[in-house]
């Protein structure tokens, strides 16, 4: 077999070393751990590390391994029972000052992680993970939408100089009181032309006024609710991509609920922080004419205004009308102001919001504008022994300053801490939620739950591999043993590729591996049968080997291309577990084509090359 190129030997050797190196991390199982997250006011320090050790000693859990990694403290344990015991003790001891969460810590050696070799993450059915059922609160969006309709109606009436007494809101309808019947007729024509989604009906105020009632049509209400769900689904997918979770499940359930499953994630706090966060900013004009002492004394705020507080606790009155908001930003990034050194969020508005900002700043140079920071914080309360998931909304003015010049599309926002600026930029960039969401169901599936599936999956792979190895060795003798070596090589290479791309392994994925092992031997069966046929036709052993590989290649390629098309079809149209199965199958087909043909050819050439053969063990 002197015709086998030497560079192919090196190729097989390099690929084999690559496979062993990148499959090796899967031999190191992740460790049960507890993660303690700090904040700007309560940072993670060596003093906290000592306090954690004392708490665990009192709980009867001595000798733990802990390390500080950035803004978190990671404490590792030998098993999940100790992990849960430590989690309860630390949560009760640290209280609300720190965020305590169960986690899975990687035990892969540092030198492997340094070259990008990591263990393959396991799916929700094997490793466990986080399951959320989220309820979309569309009411707040309808409130905001009706406020915008009110502002548009009021502005259009003023622009056309149509006399009216008041514009108020009652639920999902807007009530406009005019001074004359002619003014009402003109107003009706104007509103119908500008806002086709509003249904208009006449009424009486009871005090001589002429009332026009504008109500959102059922079709428009349904359109808004549908768009809210779709936008939230898109935003959640973007945020999950930021988390780096492989093969997540994000799907609509019913009319107003969304299911999110994150395999391999054990830190529910971080997941909830990213998924359920509705932190955003709004720009409002400051009402300089508002009598703040009188408002604080009586509690009566002008209908077009709202009372807020700054971070320093100072009251401030802002106009309800929103100049621009977070959902109108097309880009956002965190940084630092070059002059003051303060953390900033650099924002870029879309064309409509940029036009409004330009119009506002052009007319209000020298007047103040405020930045309102709105954050919806999930809370869990225990009522009658049951967990109740609620949320509270925090609204505070983070910055208010005098407009020094005209601007529109690009500008900076200050007044946040570095951590807040980074988080806000991430949320604005990934897209703001169309409506806030409350987590109504939350489950953390621990790794012990999937242990039985892991054992069954491993048994199925080993059993399937063993049966194929034994059958090939008995039937094809030496060539069968060569095929067995290639089959084991194929399994190692398949695991290495999946690990390199961090594909999540699920039970359907294991089924794909077993199927791949069974299909991989087909190529060697074709080669062996071709070699035997050439021997029967009178060819010499070396010529039979050469002809066997050459003539079997076309058939092998044909069969595997067909399988690849089926796998790509499943990847394109499937989702979740089906897509995971297809990915594993496709990668397995590609690796098996290399090992079954090139690797076995190299081994056969080493065994038979340069020898005078009378027969072959096939």
*With segment 238-348 as the region, which strands (runs of 3 or more DSSP E) entirely inside it contain at least 3 residues that are under 30 Å from residue 580 (Cβ atoms) and at pLDDT 80 or above?*
249-253, 257-263
*Mind counting the residues in segment 114-137 that are outside any loop (DSSP other than H, G, I, E, B) and either touching a residue at least 40 places away in the same chain (Cβ under 8 Å) or closer than 22 Å to residue 510 by Cα (or both)?*
9
*Restricting attention to segment 548-565, report how many residues are in contact (Cβ under 8 Å) with a residue 12 or more places away in the chain and within 33 Å of the chain's Cα centre (by Cα).*
2
*Being without any contact (Cβ under 8 Å) to a residue 12 or more places away in the chain and either closer than 15 Å to residue 149 by Cβ or loosely packed, with under 15 Cβ neighbours inside 10 Å (or both) narrows it down to one of 214, 182, so name that one.*
182
_Can you pull out every residue in segment 500-511 that is part of a helix (DSSP H, G or I) and either on the phi > 0 side of the Ramachandran plot or surrounded by fewer than 23 Cβ atoms within 10 Å (Cβ to Cβ) (or both)?_
500, 507, 508, 511
*Scan segment 534-560 for residues that are in a helix (DSSP H, G or I) and out of contact with any helix residue (DSSP H, G or I) (no Cβ under 8 Å at 6 or more places or on another chain) and report the count.*
5
_Filter pass, residue 174 being buried (at least 17 other Cβ atoms within 10 Å of the Cβ), in contact with a strand residue (DSSP E or B) (Cβ under 9 Å, 6 or more places away or on another chain), modelled with pLDDT under 80 and under 14 Å from residue 142 (Cβ atoms)_ = no
*Does residue 196 satisfy being outside any helix (DSSP H, G or I), in contact with a strand residue (DSSP E or B) (Cβ under 8 Å, 6 or more places away or on another chain) and surrounded by fewer than 15 Cβ atoms within 10 Å (Cβ to Cβ)?*
no
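The values are calculated or read from the model by the stated rules, or taken from the named source; none is laboratory data. Keep in mind that what you see is a predicted model, and the values were worked out from it rather than measured. Glycine also receives a Cβ, built like all others from the backbone with ideal geometry; neighbour counts cover every protein chain displayed.
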